Structures are given as C-alpha cells and as structure tokens.
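Visitor: Structure incoming, see below.
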Amino acid sequence: MRRISRYPLIAVCVALMAVAWGPAAAPSLAASGPTTCATTARTLNGTLADGATYLIQVPANWNCTVFLYSHGYVTPGSANPAQDVGDPETGAWLLAHGYALAGSSYASTGWAIQQALPDQINTLNVFDQQVGRPSRTIAWGHSLGGIITAGLIQDYPNRFSAALPMCGVLSGGVATWNTALDSEFAFQQLIDPSVQVVNITNPAANLTAADQAAAVAQQTPQGRARLALAAALGDTPGWFTPLSPEPAANDYASQESNQYLWDTEVDFPFVFALRAELQARAGGNPSWNTGVNYFSDLARSADFREVVALYRGAGLSLVKDLAALNAATRVSADPSAVKYLATNIAFNGHLSMPVLTMHTTGDGLVVPQNEQAYASVVRRAGDSRLLRQVTVSRAGHCAFTPAETITAAQTLLNRLATGRWNDKALQPSILNAQAAALGASANIFSSGGGVVATPPAFVNYQPAPYLRPYDLPSGRLRGGGRGGR
C-alpha cells in the first residue's frame, strides 16, 4: 500500500542513472522467449471505458512477453497516473531485454481492488488489440498491487503465465483489516478511549487525536509498553529506517522506538483515517474482533518478548491489560461488508502457474507474516509446488533495490523456461551473487535525498504465523482467525 501523501516515502524510489542498458548487461536468460515478435518500439497511452488510464511500452525487439504491473495504494485526492513498472531502472532493464510493459491507473484511488482487477484485464485487452497477443503474460506489482497481482491470477488464471507479487497484502483484505483492528482496539482501550476504530465519522480529527495520544504515551515507560503491545498485535517489526542496522534482538527500547515511527508516520493514517474510505466502499464495517483471545494472539506474536520486557520495566501488569482487552466490548462486522472485502479480495490458495513472492523482513505496513498466510492457504490447496518465496533483509515497505527486483524477475522467467524451480538457485547466496553481477547502477537505493550504493540482501527467513488469518476455504465471520478460537 502506498503511504499517505503527507509522509515521506520509505519504499524505494530510484532515479534513472546515466547508463545504457543493453542485452549484454546481465546474464543471458533461458526464459528470453521467442527471439522477436515483429513490431516497432512504441508507447501507448489511453483511457478505458470506466475512466482509468493505461500505459503500454513495447521495445523494438519485443520477445512476445509482457509484464502487467499493478501499482500500490493511492491516497484519495492524490494524483493517480497509469504506471507500468515500479522503478525506472527495472523498467529500463526489462525493455532493453525485449520485454513489454503495461499497467493502468485503476478507475479510482483508495482500496481500489474492485476497479483494479477489471482495469488491468482491460489493459491486456488493449495490448492484444493494438500490439498483438503475447505468448506469455506475467503479473507483478507492489503492496496493494501485490494483492491485486495475486487476485488477477486467481480470478483470471487463463490470462497469465506467472506472477511476482512483491511486498504484497497476501493475507487478503479481510485478514489485513482485522489485524489493523486488533492494534487499533488495544490502542483505544489502553491509551486513548476517544479514538474511533470503526465507523469513523471525522477521519482527519480521528488521526490527529491518535497521533497526539501516541506522542504523549511515548514519553513514559508505561505508555511505551502499551504502544508496544498494540504494535505486537499487528506484528509490527522493530526496524524502521532502510539501510540502518537492525536493532539487536534484545534491544527492546530501540524496537519500540521504531514501532512508534511505523505507527505515527505510516500505519495510523490507514487505520485511523483511511479505514473510512474502505467502509464507504464496503457499505459497512468489514472487521471484527468478536471471539479473539488477546492472550493467545500476543503469545504467538513475533514481538512477544519485547512486550513482556517493556511491561516488566514499566512496572505494569501485562496480564491485567490483556484481561481488560478480553473483557472490553467487542466490534462486530457487517456481513455484507465482509463479503465485499472477501471478494476484493481473499484467497483460495489454488495456483495454476508459477508464483514467486518477495518481501522485506522489516516491513511495518504490510508485515512479512503476510507471506506465511499466503503460503499456508496455497499449501492447503495442494499447490505449494508452484510457489516460492524470497526475502530481503532490510527495513522499509517495498524497500528493494532494482538489482533485487530484476533478480526476482529473472528467477521467475527461468522457472517458466525450464518448467521447474531450481531451488539451489533460490538460495540467498546465489541470488545475492546474481544481483551483484547486475552492476553498480542497479545495486542502489534512494536514501536521504540521494542514491546510495546498496548491496543485495537476500536472506533465509521464516516469518511467524499470521495472527488473524482469513481465507476463502476456511474463513468464518465468528472467531478470531481461520475457523475461530
């Protein structure tokens, strides 16, 4: 999801450097596809029937493969141009190697999945009509675009050959907003009873109140402990700034300080303000915490030890606060709103093509536990053979270098070419070597207003279980998670 506009971007935003990408600039790909499809280089812009705009770029040496890019969350009221790639370096590499690019703006902003799915398919229809039918179509996207990517291959499997969801909301819409509610609810019950967690009547004022209450809480050990508890119920990582060193496992003060930054600079705008946009779309409240046992949720949280240590240091009773959460009046969902959000979208786990996902370990907006949720439903559907997941050790949402993104794309293309995953090639050391070989101009990251040389950081990583899973095979209205508690 794209950050609300009043805050600086964490996600990578690299500028084109003065370098000519040619086919010899990277290792040759077995997945290059047909040698060429007769065409001339061109860029197509236009408007779909519902008002969404599209952008298509086709190189002169088009190899009959198109990458369909789904962009992230756009805050209502912000500019919403069509996008066909996440960063210009990756786009330049793909075009130089014969791959076409396409993408749309979607007809609306906000949680625009309802519009995004058909708009992306209609963009492919334009491509077929004006360029030619590709032999392979790869869906890919960042953040909200990651959930859209996974939704496209679920709802329109016959239009795609493979998918690359990056930093994606892969727990699905219902689970994501339920998890947000848990954090909001703890904040409301333990820090500021005046904030609204659903049915928000004045989003701007509600967000201001939450920000102010958090700032006050951050000044005392007791407030910091309770902020950490609220963060832990969403598995918010204690690592915020890209390219900074990760705090030590027992540096709980630094972890909490970073969680506070995630809250006030990134997450609060979504949960205390932009939730209103979602409810307007859904026609009601799609989130609930009836049946949730907060003792159990915290015990399974990746941040459990931090919370215990901070409560102990503050002289607070964690048991008393958790008991207060369990005893508090709960929030119920509107079934029709849940149905809307499950349609836009929750996952059934069925895959009919190779899917490679990528996430950073220090993502506090779309936490890496989303990967566990997706892998779990895919496993239950019996399609794990088609799914692989890679992880980058870095703080930030969608904080990938172009080299890491290109390496992920190469890995997926090679899977298409060979018909099987090369699990040895998916080892972090191999991925890092492949990314490094792309050269200095691709191993960069935007930081502090400049472009910084940044080595690849693929790592072995196993995310903790997603705390509030909900998927189509086993989701129910009652209960705290899949099948309830």
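Rule-based calculations on the coordinates, nothing more; no lab input. Note that the coordinates shown come from a computational prediction; the quantities given were computed from them, not determined experimentally. Heads up, the Cβs are rebuilt from the backbone with ideal geometry, glycines too, and the neighbour counts pull from every protein chain shown.
Visitor: Placing +1 at every Lys and Arg Cβ and -1 at every Asp and Glu Cβ, with all other atoms neutral, what dipole size does region 367-406 have around its Cα centre, in debye to the nearest 20?
Guide: 140 debye
Visitor: Roughly how many debye, to the nearest 20, is the charge dipole of the chain about its Cα centre, given +1 on each Lys and Arg Cβ, -1 on each Asp and Glu Cβ, and no other charges?
Guide: 1000 debye
Visitor: Let me ask something else about it. Over the Cα atoms of region 421-473, what radius of gyration and what Dmax do you get, in Å?
Guide: 16.3, 46
Visitor: Stick to Cα atoms and the Kirkwood definition of Rh, then tell me Rg/Rh for region 121-248. The partial results should precede the final answer.
Guide: Numbers: Rg = 20.6 Å, Rh = 17.9 Å.
Rg/Rh for region 121-248 comes to 1.15.
Visitor: Using only Cα atoms, what is the ratio of the radius of gyration of the chain to 2.2 N^0.38 Å?
Guide: Computed over Cα atoms of the chain, the ratio equals 0.95.
Visitor: With +1 on the Cβ of every Lys and Arg and -1 on the Cβ of every Asp and Glu, and nothing else charged, how large is the dipole of region 131-272 about its Cα centre, in debye rounded to the nearest 20?
Guide: In total the dipole reaches around 640 debye.
Visitor: Show log10 I(q)/I(0) for region 243-311 at q = 0.24 Å⁻¹, two decimals, from a solvent-free Debye sum over equal Cα scatterers.
Guide: -1.09
Visitor: Further, regarding this structure: Using DSSP, restrict attention to beta bridges with both residues in region 352-485 and report what percent are antiparallel, rounded to the nearest 5.
Guide: Roughly 45 percent of the DSSP beta bridges within region 352-485 come out antiparallel.
Visitor: Among DSSP beta bridges whose residues both lie in the chain, state the antiparallel percentage, nearest 5.
Guide: 40 percent
Visitor: Can I get the semi-axes of region 306-408's equivalent ellipsoid? Compute them from the C-alpha gyration tensor as square roots of 5 times the eigenvalues, in angstrom, largest first.
Guide: 33, 24, 13
Visitor: By the scheme Lys and Arg +1, Asp and Glu -1, what is the net charge of all other residues having a beta-carbon under 12 Å from that of THR123?
Guide: Summing Lys and Arg as +1 and Asp and Glu as -1 gives -3.
Visitor: Continuing with the same structure: From the gyration tensor of the Cα coordinates in region 96-184, what semi-axes in whole Å does the equivalent ellipsoid have, largest first, with each one equal to sqrt(5λ)?
Guide: Equivalent ellipsoid semi-axes, largest first: 27, 13, 11 Å.
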